Every structure is written in structure tokens, then in C-alpha cells.
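The values are calculated or read from the model by the stated rules, or taken from the named source; none is laboratory data. All values derive from a computational prediction rather than experimental measurement. A quick note on method: Cβ atoms are made from the backbone with ideal geometry, for glycine too, and the neighbour counts reach across all protein chains shown. Just the protein is used for accessible areas: all its heavy atoms, side chains included, with ligands, DNA and RNA removed. Shrake-Rupley method; radii C 1.70, N 1.55, O 1.52, S 1.80 Å.
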Amino acid sequence: GLGFNIVGGTDQQYISNDSSIYVSRIKKDGAAYLDGRLQEGDKILAITGRDLKDLRHMDAVELFRNAGYDVTLKIQRRLQPQNGPVGHRGDGDSGGLPLAAVLVPGLALAAAAVWILLRYRQRM
């Protein structure tokens, strides 16, 4: 499998008045865990170009089970960690992020932090 569990759907809303599909758990050592970009609480907008809007839970599960090996997810990142249902930005695609767009900014921030740390140490 893809290494994560989902919640939500038109028949099992995770958030009141929201039938979206969300990542509920990332399985340790699974594909999503090893990739590192998907997070618990992320809203999944599409899988390999297939929109997940207005699907029953089991229909979404079947899409994930039959996705194959080359999978692309379009996600919407949660605003902040919290207990219970997650917060998210609006209803549209404006906050959606292809998974590939998540890694590059994170690496840039890490590189900047290392550069600042090294520069600070050189002055001492």
C-alpha cells in the first residue's frame, strides 16, 4: 500500500459540513513515511489527477488501493497541528500543493539555517 490511512468522505465526514478526504495516520516505515512529504492531517484533493471531491469513503479507499506504483497526490497542508479535526485553507484549490512543491522550500530553509550556524561559529 501507500503507507497511510484516510478518513472522510460524503458518508463519513471527518469535519462537519466537509466531505473531503484527510490523512489520518502515516504508517511507520511505509511508502509515505519513507518519502517524508505527506503529513497527518493533510487534505488530499486528488490522486493521480482524479479529483476526490464528493466521494464516499469506500470509493476513495478503492482509488487508493488501485492507484498502482506511480502515484501523484495533490494535497492541501493543514494550517497548524491540533487535537481533533484539522484546520485548512478554504474550499478551493488555491492552497493545494503538489507533493513535489513541498520538498524544495524545506531544503532551502534547512540550507539557510546551516549557513547561518556555520557563519556564527566562524565569528567565535
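Condition first: without any contact (Cβ under 8 Å) to a residue 40 or more places away in the chain and part of a loop (DSSP other than H, G, I, E, B). Now tell me which residues in segment 1-15 satisfy that. If you could, list the steps in order and put the result at the bottom.
First, the residues of segment 1-15 that are without any contact (Cβ under 8 Å) to a residue 40 or more places away in the chain: 3-5, 13.
Within segment 1-15, 3, 13 qualify.
Considering only segment 5-30, state which residues are hydrophobic (A, V, I, L, M, F, W, C), touching a Ser or Thr at 6+ places or on another chain (Cβ under 8 Å) and open to solvent by less than 30 Å² (accessible area, probe 1.4 Å).
To start, the set of residues in segment 5-30 that are hydrophobic (A, V, I, L, M, F, W, C) comprises 6-7, 15, 21, 23, 26.
Restricting the remaining residues to those that are touching a Ser or Thr at 6+ places or on another chain (Cβ under 8 Å) gives 6-7.
Within segment 5-30, just 6 meets the criteria.
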Requested in this report: Would you point out which residue out of 69, 33 is open to solvent by 60 Å² or more (accessible area, probe 1.4 Å) and in a helix (DSSP H, G or I)?
Outcome: 33
Query - Inter-residue pairs, beta-carbon under 9 Å, first free of Cβ contacts under 8 Å to residues at least 24 places away in the same chain and in segment 51-69, second open to solvent by 30 Å² or more (accessible area, probe 1.4 Å) and part of a loop (DSSP other than H, G, I, E, B), 6+ apart - result: 63/48; 68/48
Query - Lone unmet requirement of (1) out of contact with any strand residue (DSSP E or B) (no Cβ under 6 Å at 6 or more places or on another chain); (2) under 23 Å from residue 10 (Cα atoms); (3) assigned to a loop (DSSP other than H, G, I, E, B) for residue 40 - result: (1)
Report task. Kindly check whether there is at least one residue in segment 69-90 that is over 16 Å from the mean Cα position of the chain (by Cα), among the β-branched types (Val, Ile, Thr) and at pLDDT 55 or above. Result -> no
